[in-house]
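Please read the structure below before turning to the comments.
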Amino acid sequence: MAGNNPTSAEYIQHHLQNLTFGYHPENGWSIAHSATDAVEMGFWAIHLDTMGWSLAMGTLFIWLFRKVGKKATTGVPGKLQNAIEMVFEFVEGTVRDAFHAKNYLVAPIALTLFVWIFLMNTLKLVPIDLLPGVFAELGVDYMKIVPTTDPNATMGMALGVFFLIIFYSIKVKGIGGFAKELSFTPFNHWLLIPFNLVMEIISLLVKPLSLGLRLFGNMFAGEVIFILIALLPFWISWTLNVPWAIFHILIITLQAFIFTVLTVVYLQGAHDKH
Amino acid sequence: MNINLTLIGQMIAFAIFVWFCTKYVWPPISNALHERQKKIADGLDAASRANRDLELAQERADETLRESKGQAAEILEQAHKRSNQMIEEARDTARQEGERMIANAQSEIEQEINRAKEELRAQVARLAIEGAERILESSIDEKKHRELVDKLATEL
């Protein structure tokens, strides 16, 4: 709790506010100093904390796996290599089970998503006042360190997946094939084309939405609970904090896994020819 | 919780990380894993082959052992037989030699006895003649009675 004893509502709002840099109608390009400032910036703003931490986690993933991959022996692996290989084989197996078309990009996509989201989610296990406190000392007002509690981050990835779905649908089936699939499923009759189109386009659009919002919803809800627990007196808060954190070890992994598997399944759907 | 440029930023980050992963992360780990898989499969193959070889070798060794045991027993038996024979032979030879030596000794003794008898006989004859000469004072014709005395000497 930084500074002069904020009320509970202020504390919660403070913790849910991203560090925003953007174009303010009055102040020009600047860092938002309040939630209203951030809202007034509109679309042309960027969450420095979300971007920073997500890039950091992604880079950590690339660096770690690259390091292990470069030194990977075909003999007896070390402990780190063993751990990395376990993750690798887990993702590879998942992709093998769910994806049957020929596309060498899907497995790396799945690996990237799984490890990246897992690492970003894991930031949630850092005590919620620790890093914001440190940054407050350094003069940074807001610091929301878990990128996956920011819908921009989850929807960003979900939209990335969405574009991949569109891209591969068109690449595999051709524009005509894709349009035909949208028009003639689920009811294969020309009279029902408009109905089919509406249904299929909705189901297509719901894919990224559900993907992004599921991850965001789970992570955000967990974060809010952590914040609420932190409002309790310090001598009692650990009784709730610790079980919730332990439970979240499961949620973190599970949500990363769900996002990955659904992506793979959607991409398999994009490769399916009806 | 405003939707803003972060969305685009995250999409770009996603694309970049996927590209990095595809190009620099996936291939080395994948290669290492598959190579190890192959190595392990080869190793297992080799192990089972070696096991089979070992079994065969064991069998061969057992057989050889059995054979050589039989041979050794045979050789031992032969040696026993041979040694018994040799002892028997040596005993025979020794007995024969002994008998021969005893026979030699006996014949020598007999010869000695005969010679001594001859000598004694000759001396007795001479003594008898001398005695008779003295008694008769050379009245005896040496030539005439020689035959008689010799006859006498052989009868002794």
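Some observations on this one:
- Meets criteria (more than 19 Å from the chain's Cα centre (by Cα) and of a type in the set (A, V, I, L, M)) for A:ALA56: no
- Some residue of the stretch B:71-93 being within 30 Å of A:GLY75 (Cβ to Cβ), assigned to a helix (DSSP H, G or I), of a type outside the set (Lys, Arg) and free of Cβ contacts under 8 Å to residues at least 12 places away in the same chain: no
- Restricted to the stretch A:106-223, the set of helices (runs of 4 or more DSSP H) holding at least 2 residues that are of a type in the set (Phe, Trp, Tyr) and away from chain B (no Cβ under 14 Å) comprises A:151-184.
- Listed by first and then second residue, the pairs linking a residue in the stretch A:120-145 that is within 17 Å of A:HIS47 (Cα to Cα) to a residue that is modelled with pLDDT under 85 and open to solvent by 30 Å² or more (accessible area, probe 1.4 Å), with Cβ atoms under 6 Å apart and 6 or more places separating them unless they lie on different chains, are A:ALA136/A:ALA2.
- Complete set of residues in the stretch A:1-34 that are hydrophobic (A, V, I, L, M, F, W, C), in contact with a strand residue (DSSP E or B) (Cβ under 9 Å, 6 or more places away or on another chain) and over 21 Å from B:MET11 (Cα atoms): A:TRP29, A:ILE31, A:ALA32
- On inspection, A:PHE216 qualifies as touching a residue at least 60 places away in the same chain (Cβ under 8 Å) and surrounded by 12 or more Cβ atoms within 10 Å (Cβ to Cβ).
- Residue match in the stretch B:28-51 (condition: within 14 Å of chain A (Cβ to nearest Cβ), free of Cβ contacts under 8 Å to residues at least 24 places away in the same chain and under 30 Å from A:LYS144 (Cβ atoms)): no
- Test result for A:LEU240, aliphatic (A, V, I, L, M), surrounded by fewer than 16 Cβ atoms within 10 Å (Cβ to Cβ) and modelled with pLDDT of 90 or more: yes
Okay, residues lined up against (1) over 15 Å from the mean Cα position of the chain (by Cα); (2) not hydrophobic (A, V, I, L, M, F, W, C):
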| position | (1), (2) |
| --- | --- |
| B:ASN51 | yes, yes |
| B:ALA57 | yes, no |
| B:LEU65 | yes, no |
| B:ALA72 | no, no |
| B:SER83 | no, yes |
| B:GLU99 | yes, yes |
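- Unique residue being surrounded by 10 or more Cβ atoms within 10 Å (Cβ to Cβ) and at pLDDT below 90 when the list is B:ALA90, B:ALA128: B:ALA128
- Against the test of being surrounded by 10 or more Cβ atoms within 10 Å (Cβ to Cβ), assigned to a helix (DSSP H, G or I) and within 44 Å of the chain's Cα centre (by Cα), the options B:ALA61, B:ALA41, B:ALA46 yield a single qualifying residue, B:ALA61.
- In the stretch A:154-174, the residue that is nearest to A:ALA110 (Cα to Cα) out of those that are more than 21 Å from the chain's Cα centre (by Cα) and either among the β-branched types (Val, Ile, Thr) or open to solvent by less than 40 Å² (accessible area, probe 1.4 Å) (or both) is A:TYR168.
- Residues of the stretch A:186-205 classified as of a type in the set (S, T, N, Q) and open to solvent by 40 Å² or more (accessible area, probe 1.4 Å), total: 2
The values are calculated or read from the model by the stated rules, or taken from the named source; none is laboratory data. Predicted, not measured: the structure shown is a model, and the values here were computed from it. Quick reminder, even Gly has a Cβ in these numbers, built from the backbone with ideal geometry, and neighbours come from all protein chains shown. Accessible surface areas use protein heavy atoms only, side chains included; no ligands, DNA or RNA. Shrake-Rupley method; radii C 1.70, N 1.55, O 1.52, S 1.80 Å.
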